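Here's the structure, in structure tokens; my notes come after.
The values are calculated or read from the model by the stated rules, or taken from the named source; none is laboratory data. As the structure is a prediction and not an experimental result, all values here were calculated from the model. No Cβ is skipped: glycine too gets one built from the backbone with ideal geometry, and neighbour counts run over all protein chains shown.
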Amino acid sequence: MTFSSHGVFCRGIWYITEGGNRAPLREEPLTAKAPRRVSWILLFLLSIALISYLVMATQFDPRYNPHSLFGKPDQCAKCHVYYRGNLETARFMADCTDYCRGCHNDEQLGRSTHPVQVRPRDKYLKMKIPAEFPLDDDGKLMCLTCHKAHGPFLATVKAHPTQKPEPMTPPSGVSAYYRTYFLRVSDPVRGFAMLCDRCHKKL
């Protein structure tokens with residue numbers, strides 16, 4: 001309650017007190033600050049929308065690459081073998097697949113994922129793995145047997161025939177961008193069969 005020479009303000013209403021009369025003079029609702037509160041809420045929602053848009057726009061920018069961190073020198077030892085202080089880029093750590101699974105878990109990848117951390121010759125004695133598909137230092141399959149950690153995230157060629165383009169507006173002269181899946185081998189017509197046939201065609 002507030003007192004002044006004009007009256008008393010109580011519960012959002014001014015009352016005249018002269019001459020013993022007590023009648024409402026004007027009403028000032030307690031929700032006077034509501035417009036300001038609504039403005040802050042709208043500003044917050046617009047900020048969230050803007051951030052979401054920028055994230056999406058960045059993701060589908062052809063310069064964007066979620067594997068760009070692999071270009072940093074301090075990341076090399078996560079996958080490659082160091083021997084006597086020297087980096088051997090043709091050799092891979094036996095546990096490098098665990099590094100991949102830090103982002104790509106089994107639930108995300110689904111059941112169609114090829115087995116990893118197994119030795120091909122333990123099951124298929126006649127199987128020959130081409131040199132372009134490296135095994136880890138223990139002779140086992142790994143994610144990097146079929147995928148490259150280094151390379152473009154997007155390309156102008158499909159990785160398989162039913163692949164849909166990324167939801168982005170490509171620059172002039174480019175029809176569309178498609179994810180490469182960082183595959184070592186792919187084909188816009190035959191798709192992933194090009195990759196599988198390198199090892200499985202003689203089985």
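Miscellaneous remarks
- Check on ALA159, aliphatic (A, V, I, L, M), more than 16 Å from PHE182 (Cα to Cα) and in a loop (DSSP other than H, G, I, E, B): no
- Enumeration of residues in segment 127-154 that are under 22 Å from SER186 (Cα atoms), out of contact with any Phe, Trp or Tyr (no Cβ under 6 Å at 6 or more places or on another chain) and without any contact (Cβ under 8 Å) to a residue 40 or more places away in the chain: ALA131, LEU141
- All of TYR64, TYR83 fail the test of being in contact with a strand residue (DSSP E or B) (Cβ under 9 Å, 6 or more places away or on another chain), of a type in the set (Ser, Thr, Tyr) and at pLDDT 90 or above, apart from TYR83.
- A count restricted to segment 175-203 and to residues that are assigned to a strand (DSSP E or B) and farther than 17 Å from PRO115 by Cα stands at 2.
- Test for GLY173: is it surrounded by 11 or more Cβ atoms within 10 Å (Cβ to Cβ) and of a type outside the set (Lys, Arg): no
- Residues considered: LEU125, LEU154, LEU141. Of these, the only one that is of a type in the set (A, V, I, L, M) and farther than 29 Å from LYS72 by Cβ is LEU125.
- Any hit, segment 104-126, residues being without any contact (Cβ under 8 Å) to a residue 60 or more places away in the chain, closer than 17 Å to ASN65 by Cα and crowded, with 17+ Cβ neighbours inside 10 Å: no
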